[in-house]
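Laboratory data are not the source of any read-out in this text; all were calculated from the coordinates shown. The shown structure was predicted, so the numbers you read here are calculated from the model rather than taken from an experiment. Here the Cβ positions follow ideal geometry from the backbone for every residue, glycine too, while neighbour counts run over all protein chains shown.
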Amino acid sequence: MARSRTKKKPKVCLVLQGGGALGAYHIGAYKALEEAGYTPDWFAGISIGALNAAVLAGNAPEQRLEKLEAFWQRISRPGTDALLLPSMAASFNMVSVSQALTFGQPDFFVPRAISPWVAAPGEAATSFYDTTPLFSTLNELVDFDLINENKNSNSNSNSSGVRLTVGATRVTDGELVFFDSESDTITAAHPVASGSLPPGFPATQIGEDHYWDGGVVSNTPLNGILDLAKDDDLLIFMVDLWNAKGELPKTMSEVLWREKEIQYASRTCAHIEALIAQKNLDQLLARTPEVVDSKQVPDITSLKDGPKIDIVHITFEPLAGHNPMSDTEFSRRSIRLRSDAGYEDMKQALGASPWTQENEGLPANFHRRAKDGSWLKASKSKLKKVS
């Protein structure tokens, strides 16, 4: 007969979406989690999310926030945190974007000395910027030995390390590959590969293959987490930087921004709806095995309730003065404001704590912060308001 699931503490997962300079939002989101005592057991990211995840996973819990803030200080220019009137923000941000495109970002990327349009065939001819400085920055701020403590471990491992998963796109076949610290030896090349967005950045070599940004295929590593998870209950905090839903553009600037939002936003609702349908089917089979012919499923009596999965989703909303290149705008002012927004949004999520509500018989719940501040919970493929 089906066995009931024993109550156990869920693994806390932090899933970080890609989005360039918008990734400063992750700083505040993590700060709020840390303050509330939700220390992640598993970090996952794509693109800038992978870089942030590597910094967090590659440091002791008491140093994570400090190191993440140090990373963003290093890749931004001093003197770019200013108190401005709202009317000045747009001009300030455009100047910041121009600096990034012209000069690159310190300890992150620098422009090629020769334009790739006229360079000889090879790596220098495949990107406008060189990401060599980023390797040094990560190696200084990230303890990769700590990340790799869990390699080849199992759920009974006594390792003190946390798990890290990053996604990158293999250039030669277009496959989204997830590198995981429980099976792969993670180096700086893995998060860099995850953020190697063409044609700005060159492909990054790992082994015999070359990889581009995971966002070329999928900008959120949620599917990677769910595919790699075993029987553990999961509490997943999913921090996105792009919103799939938006207003009809009225200007060319809004058109360019909306195009990016649609291109890079995760299809979160569709992913979760599919997850819930599958989990509900698994649980139905576990609780009522007689609905399936035992000849079709010989081991039906060995089925058991699946893990409980809660996914809490917050999404960055553009700040006043943003422009279509805001993902390339690395001023310390914008970094501070985006971090503050992530902190407030995650605090709101933690304050609501919708995942603590009992939902017997529904193994997968989905909670997201709506624009009006309400919370939505998905169960049995339906979205319902949570009071």
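Here are some notes:
- Cα centroid of segment 325-349 to Cα centroid of segment 39-91, whole Å: 9 Å
- Each of 23, 61, 102 was scored by the projection of its Cα onto the charge dipole of segment 1-111, and the greatest displacement toward the positive side belongs to 61; charges sit on the C-beta of Lys, Arg, Asp and Glu.
- Modelled this way, with points 7 Å down the Cα-to-C-beta line, the labels at residue 62 and residue 117 are 5.5 nm from one another.
- Cα convex hull of segment 30-156 - mean projected area over all directions, nm²: 11.5 nm²
- Global size of segment 48-105 as Cα Rg and Dmax, reported in angstrom: 14.6, 42
- Put a dot 7 Å past the Cα of residue 125, heading toward its Cβ, do the same for residue 254, and the two dots end up 4.3 nm apart.
- Normalised Debye scattering of segment 70-222 at q = 0.09 Å⁻¹ gives log10 I(q)/I(0) of -0.37, counting only Cα atoms as equal scatterers and leaving out solvent.
- Packing around the peptides 9-15, 84-90, 143-149, taken as the average count of other Cβ atoms within 10 Å per residue, puts them in this order, highest first: 9-15, 143-149, 84-90.
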